[in-house]
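Asks: Mind looking over this structure? Questions follow.
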There are 2 protein chains.
Amino acid sequence: MVNTKLRKQIDEKQVKIFKALADPIRLEIIEYLKHTDHEIACGEVGKAVNISKTSGSYHFKLLESAGLINTRWEAREKYVTLNESTFDKYVTDFYQNI
Amino acid sequence: MVNTKLRKQIDEKQVKIFKALADPIRLEIIEYLKHTDHEIACGEVGKAVNISKTSGSYHFKLLESAGLINTRWEAREKYVTLNESTFDKYVTDFYQNI
DNA sequence: TTAATAGTTCAAAAATATTTGAACTATTTT
DNA sequence: AAAATAGTTCAAATATTTTTGAACTATTAA
């Protein structure tokens with residue numbers, strides 16, 4: 001059990017995560033990344049799910065800001081992977097924890 | 001593994017559920033219902049989370065349409081409970097199943 | 001050193017979601 | 001029968017999210 005202020009912060013984070021998951025493009029990206037199962041460049045994912053680079057930039061930023069993906073720059077490319085621990089804590093364990 | 005058309009339907013349902021969860025009022029309602037742990041009238045929940053009846057009507061309808069709550073009318077009141085099986089299938093098991 | 005490539009940023013436009021209050025239905029209480 | 005209660009519906013207003021294209025930065029390749 002947590003206090004009210006912390007509860008509220010947790011909820012804001014929780015809402016942010018569900019918002020990030022509440023979009024068909026982002027779900028496609030997430031599914032693609034899960035099945036890929038290794039680091040992959042944003043551009044390659046974007047091609048796979050058929051979105052413009054601008055749209056990709058928007059969606060990857062949002063996913064990263066929610067903590068659902070990790071990113072790493074190398075040369076011209078930004079590589080992404082899923083952040084499984086966020087899925088575990090905020091999705092898989094959501095119902096149990098509220 | 002499922003075919004493309006079914007995959008798409010599942011995704012639509014999945015998006016709808018995450019959208020329903022992606023709102024602070026609805027998360028409060030859900031948390032309240034989980035802790036209440038028995039049938040309770042919409043109005044009582046609405047008072048507890050401090051929303052207008054119009055707003056309550058909107059949010060309960062959305063939660064029901066996503067399959068996250070069950071409802072039952074009795075006399076003037078509409079009673080709600082969480083639909084745990086939807087949480088299990090679409091939230092708890094989400095990451096594993098994609 | 002110029003081209004091409006990978007991605008970002010910006011602001012405007014378009015699309016979606018939420019809130020609000022007034023008027024409504026159905027049921028129960030007085 | 002009238003008043004009160006519980007909830008719905010509607011349309012307008014507001015707020016938030018997403019898409020778009022043009023211009024940009026940084027890096028690599030020719």
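Asks: Among the residues of region B:58-94, count how many are buried (at least 16 other Cβ atoms within 10 Å of the Cβ) and either in contact with a Phe, Trp or Tyr (Cβ under 6 Å, 6 or more places away or on another chain) or in contact (Cβ under 8 Å) with a residue 60 or more places away in the chain (or both).
Replies: 6
Asks: Have a look at B:ILE25, B:ILE10 and point out the one that is within 14 Å of another protein chain (Cβ to nearest Cβ), among the aliphatic types (A, V, I, L, M) and touching a helix residue (DSSP H, G or I) at 6+ places or on another chain (Cβ under 8 Å).
Replies: Working: B:ILE10 fails: touching a helix residue (DSSP H, G or I) at 6+ places or on another chain (Cβ under 8 Å).
Within the list B:ILE25, B:ILE10, the selection yields B:ILE25.
Asks: Given A:LYS78, A:LYS19, which one is facing chain B (nearest Cβ under 8 Å) and among the basic types (Lys, Arg)? Working first, answer last.
Replies: Details: A:LYS78 fails: facing chain B (nearest Cβ under 8 Å).
Exactly one residue qualifies, and that residue is A:LYS19.
Asks: Has region A:34-57 got at least one residue that is within 13 Å of DNA strand D (Cβ to nearest atom), closer than 26 Å to B:SER85 by Cβ, crowded, with 17+ Cβ neighbours inside 10 Å and modelled with pLDDT of 95 or more? Lay out the reasoning, then the answer.
Replies: In the first step, residues of region A:34-57 are kept if they are within 13 Å of DNA strand D (Cβ to nearest atom); the result is A:41, A:43, A:46, A:49-57.
Filter again for closer than 26 Å to B:SER85 by Cβ, leaving none.
No - not one qualifying residue is present in region A:34-57.
Asks: In addition: Output the number of the condition that B:VAL80 fails; it satisfies all remaining conditions of (1) in contact with a helix residue (DSSP H, G or I) (Cβ under 7 Å, 6 or more places away or on another chain); (2) part of a helix (DSSP H, G or I).
Replies: Going through (1) in contact with a helix residue (DSSP H, G or I) (Cβ under 7 Å, 6 or more places away or on another chain); (2) part of a helix (DSSP H, G or I) one by one, B:VAL80 breaks only (2).
Asks: May I ask you to list the residues in region B:8-65 that are away from DNA strand C (no atom under 14 Å from the Cβ) and farther than 24 Å from B:ASP88 by Cα?
Replies: Residues satisfying the conditions are B:GLU44, B:LYS47, B:ALA48.
The values are calculated or read from the model by the stated rules, or taken from the named source; none is laboratory data. Everything numeric in this text was worked out from a predicted model, so none of it was measured. With ideal geometry, Cβ positions are generated from the backbone for all residues, glycine too; neighbour counts draw on all protein chains shown.
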